[in-house]
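Read the structure below first, then the notes.
The values are calculated or read from the model by the stated rules, or taken from the named source; none is laboratory data. For clarity, every value in this text was computed on a predicted model and none was experimentally measured. Please note: Cβ atoms are built from the backbone with ideal geometry, for glycine as well, and neighbour counts cover all protein chains shown.
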Amino acid sequence: MTALKDIKQKIRGVSTTQQITRAMKMMSTARLGRAMEQIHLTRSYIAKLEQIVYSLRDQMPPNYRHPFLTPRPVKAAAFVIIGGERGLCGGFNIELNRFAHSIVEESEAPNKKLIVIGKKAVKFFAKKSFEILQNYEDLTVRNAAEELFDVSAFIFGQFCDKKVDEINLIYTSFISPTRKYPVVQKLLPLTPLPELEKKPEVEKHQIRLSFDFTPAPTQIYNELVPRYMRHLLHRAIIESSASEQSARMAAMTSATDRAQEIIDELHLDFNRNRQALITREIAEVISGAEA
């Protein structure tokens, strides 16, 4: 009887865990759906904004030098690392942190500085020897729209004040719920779009839209580029969040399925033990009757 009680307790415990993992899976699925909708809207907006930015750049005077466009010797490089908010998402945080660490380590810049977003990334890089300019543990996809103005102003102020000569963005790019991978993207100085630069001039004009700018292109450019950079950061935060929810959904699906397998095995053990107990009791009754 003691063995049967122990098995019952195990079944109840695993069932409770399964209810939790199933609920977390449902929450991650709902959050992933909202994040994917945001990604779609953000990508569409940035694509149009990008067309305007690069069309503006082509209309600049030949001697125009904007700080966001002018490369300079890289004495100090900044890395904006966007990590996860929570755990229980498989290897998502481990993979991103290792990737970011390797990118920073391999950089040839003499001075390396970090700007870290996300609790898990902050915790990981706090143990490393890199200089951390700023941590943003509480910057999440829910408050990014409000907080990102101050964050982006700080990040790009570092570049404009020549405290850093290059800014790189490291995050997890979201392709689909089953496809996501860490990427590194140079934010500043702005570089030409590679997919456009490889094409002949005729094709470039077919891809880029034609705009008439009022007031002068240089004045618009000074206002538009910081906004473009801020939205690139926003998109990275949204994609990182979607990747995290996707990883958590997959992890909780596996945990829920594994819990069901354990419950089935425990039920099998319970039935075997109960059958053995019944058989033993019958044997005891028969032996007592014969005596």
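Side notes on the structure shown:
- Filtered residues of region 235-291 (kept if over 26 Å from residue 23 (Cα atoms) and basic (Lys, Arg)): 235, 272, 274, 280
- Filtering region 12-19 for residues that are assigned to a loop (DSSP other than H, G, I, E, B) and over 29 Å from residue 174 (Cα atoms) leaves an empty set.
- Residue pairs meeting the criteria (Cβ under 7 Å; at least 6 apart or on separate chains; first loosely packed, with under 11 Cβ neighbours inside 10 Å and in a helix (DSSP H, G or I), in region 260-286; second at pLDDT below 85 and not basic (Lys, Arg)): none
- Against the numbered list (1) basic (Lys, Arg); (2) surrounded by fewer than 19 Cβ atoms within 10 Å (Cβ to Cβ); (3) more than 17 Å from residue 172 (Cα to Cα), residue 43 comes up short only at (3).
- Qualifying residue in region 111-129 (condition: without any contact (Cβ under 8 Å) to a residue 40 or more places away in the chain and touching a His at 6+ places or on another chain (Cβ under 8 Å)): yes
- When the test is whether a residue is over 30 Å from residue 150 (Cβ atoms) and either at pLDDT 90 or above or touching a Phe, Trp or Tyr at 6+ places or on another chain (Cβ under 9 Å) (or both), residue 252 passes it.
- Check on residue 163, basic (Lys, Arg), closer than 17 Å to residue 99 by Cα and in contact (Cβ under 8 Å) with a residue 40 or more places away in the chain: no
Residues checked against (1) of a type in the set (Asp, Glu); (2) surrounded by fewer than 13 Cβ atoms within 10 Å (Cβ to Cβ); (3) over 16 Å from the mean Cα position of the chain (by Cα):
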| site | (1), (2), (3) |
| --- | --- |
| 49 | no, no, yes |
| 55 | no, no, yes |
| 60 | no, no, yes |
| 82 | no, no, no |
| 89 | no, no, no |
| 100 | no, no, no |
| 103 | no, no, yes |
| 115 | no, no, no |
| 131 | yes, yes, yes |
